[in-house]
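Shown next, in structure tokens, is the structure this report addresses.
Bear in mind that the values in this text are calculations on the coordinates, not laboratory data. Everything numeric here is computed off the predicted structure, so don't read it as measured data. Cβ: placed from backbone, ideal geometry, glycine included. Neighbour counts: every protein chain shown.
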Amino acid sequence: MTREEILQRIQDILAVEFEIEREAIAPKAKLYDDLELDSIDAVDLMVKMKEFIPGKIDPELFKKAITVQDVVDILYPLVQKT
């Protein structure tokens, strides 16, 4: 899976599950400030991403994520392990 495909999956999840306008879900968008996610939303996002990421996702990794691109960068190496 490419970084672009991961971004598209994240955009799909955020648009459908969190009712965020797709145009707002840009790589530079800040999860908490721009997209108005809270910590519970971040956990929900991680749970939804487990559907396409094999294995366990360490929640500690996501504490460092500020932007959508950060999430892509965290997930990319996990996807490559398959």
Rounding to the nearest 20 debye, state how big the charge dipole of region 1-48 is about its Cα centre with +1 on each Lys and Arg Cβ and -1 on each Asp and Glu Cβ.
280
Which of the trypsin sites (Lys or Arg not before Pro) found in the chain are in a DSSP loop and have at most 14 neighbouring Cβ atoms, other than their own, within 10 Å?
Lys28, Lys50, Lys56, Lys63, Lys64, Lys81
Tell me, what is the percent relative contact order of the chain, built from C-alpha pairs under 8 Å that lie six or more residues apart?
39
Would you mind working out the magnitude of the charge dipole of the chain relative to its Cα centre, with +1 at each Lys and Arg C-beta and -1 at each Asp and Glu C-beta, to the nearest 20 Debye?
480
Summed over the other residues with a beta carbon less than 10 angstrom from that of Asp12, with K and R at +1 and D and E at -1, the charge totals +2
As a check on your grasp of the helix formula, calculate [θ] at 222 nm for the chain: sum -39500 (n - 2.57) over DSSP H runs of n ≥ 4, divide by the residue count, round to the nearest 500.
-16000 deg cm²/dmol
Mean-square fluctuation maximum in Gaussian network of the chain, Cα pairs under 10 Å, restricted to Asp34, Asp44, Asp58, hits Asp58
Magnitude of the charge dipole, region 36-77, Cβ model with Lys/Arg +1 and Asp/Glu -1, debye to 20:
200
Tyr76 and Lys64 label points (each 7 Å along its Cα→Cβ direction) are spaced in nm at 1.4
